[in-house]
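Q: Here it is, the structure in full.
The values are calculated or read from the model by the stated rules, or taken from the named source; none is laboratory data. Computed from a prediction, not measured in an experiment: that's the story for all the values here. Positions of Cβ are generated from backbone atoms using ideal geometry, with glycine treated the same way; all protein chains shown enter the neighbour counts. SASA here: full protein model, heavy atoms, side chains in, ligands and nucleic acids out. Shrake-Rupley method; radii C 1.70, N 1.55, O 1.52, S 1.80 Å.
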Amino acid sequence: ELAASNIPVIEVALQGKVSELELRKVAKDLKDKLKSLSGVSTVDLIGYRKREVKILADAQQLSEKWISLSDIIYAIQSQNLNLPGGNLKEVGISKKVVTKSEINNPLDISKLIIRSNDSGKRVYLNDVAEILDDFETPKIISRTEQETSINLVVKSSSSADVVEISEEIEKILIA
């Protein structure tokens, strides 16, 4: 169905010589400003990747310390941590990890205790795996002038004045 609310009013591309984390912050802030405009129904982010903690298990270390991928998954889940998505990877094996509560810094997971004994000896996650604060694998790659970008696609409500919305967006972008 062709409706005015399905047609983009404008698409804004954000790119520059900044980290993806900084570009994401600018994109989120701009999205909030654009959504607050009268007549704007939605603002879609294209090329915006969610943060993800990646745990790259070292097969040799796992074997030496008698730790399995299941032990790691159990430790993460039992510590009740919330990691923003993520995969647990070992050579040839990849498992998705989903958990429930929250930690402030995703890299704090590196000190998670996988196993301990009565004498106080502990095996931490960073003893058997590399922990990366990264982003999900892109589903869509957005590029502007041969540079990776995050694009904001602004759509109007069916009764909105498209010219007025465009002028308001231009004011925000110039400011």
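Q: (1) in a helix (DSSP H, G or I); (2) surrounded by fewer than 13 Cβ atoms within 10 Å (Cβ to Cβ): which one isn't true of GLN77, the others all being true?
A: Unmet condition: (2).
Q: Does SER70 qualify as being of a type in the set (Gly, Ala, Ser), modelled with pLDDT under 80 and open to solvent by 50 Å² or more (accessible area, probe 1.4 Å)? Even if it seems obvious, please write down each step before you answer.
A: On the way: of a type in the set (Gly, Ala, Ser): yes; modelled with pLDDT under 80: no; open to solvent by 50 Å² or more (accessible area, probe 1.4 Å): yes.
Against the criterion (of a type in the set (Gly, Ala, Ser), modelled with pLDDT under 80 and open to solvent by 50 Å² or more (accessible area, probe 1.4 Å)), SER70 does not qualify.
Q: Identify, from the list GLU64, GLU22, the residue that is among the charged types (D, E, K, R), closer than 15 Å to THR148 by Cβ and without any contact (Cβ under 8 Å) to a residue 12 or more places away in the chain.
A: Values: GLU64 fails: closer than 15 Å to THR148 by Cβ.
After applying the criteria, what remains is GLU22.
Q: Go through region 131-154 residue by residue and tally those that are over 29 Å from SER70 (Cβ atoms) and either touching a Cys at 6+ places or on another chain (Cβ under 8 Å) or open to solvent by 50 Å² or more (accessible area, probe 1.4 Å) (or both).
A: Start the filter on region 131-154 by keeping residues that are over 29 Å from SER70 (Cβ atoms), which leaves 138, 140-154.
With either touching a Cys at 6+ places or on another chain (Cβ under 8 Å) or open to solvent by 50 Å² or more (accessible area, probe 1.4 Å) (or both) added as a condition, the list becomes 138, 140-141, 143, 145-148.
Going through region 131-154 one residue at a time, the tally reaches 8.
Q: Specify the residue that is farthest from GLU136 (Cα to Cα); the eligible residues are those in region 91-123 that are surrounded by 16 or more Cβ atoms within 10 Å (Cβ to Cβ) and modelled with pLDDT under 65.
A: Across region 91-123, the extreme among qualifying residues is ILE103.
Q: Please return the ranges of strands (runs of 3 or more DSSP E) entirely within region 105-175 where 2 or more residues are among the hydrophobic types (A, V, I, L, M, F, W, C).
A: Counting at least 2 such residues, we get 113-116, 129-135, 150-156.
Q: May I ask you to verify whether VAL128 is modelled with pLDDT of 90 or more, surrounded by 15 or more Cβ atoms within 10 Å (Cβ to Cβ), over 22 Å from the mean Cα position of the chain (by Cα) and not charged (D, E, K, R)? Show your work before the answer.
A: Working: modelled with pLDDT of 90 or more: yes; surrounded by 15 or more Cβ atoms within 10 Å (Cβ to Cβ): yes; over 22 Å from the mean Cα position of the chain (by Cα): yes; not charged (D, E, K, R): yes.
It is true that VAL128 is modelled with pLDDT of 90 or more, surrounded by 15 or more Cβ atoms within 10 Å (Cβ to Cβ), over 22 Å from the mean Cα position of the chain (by Cα) and not charged (D, E, K, R).
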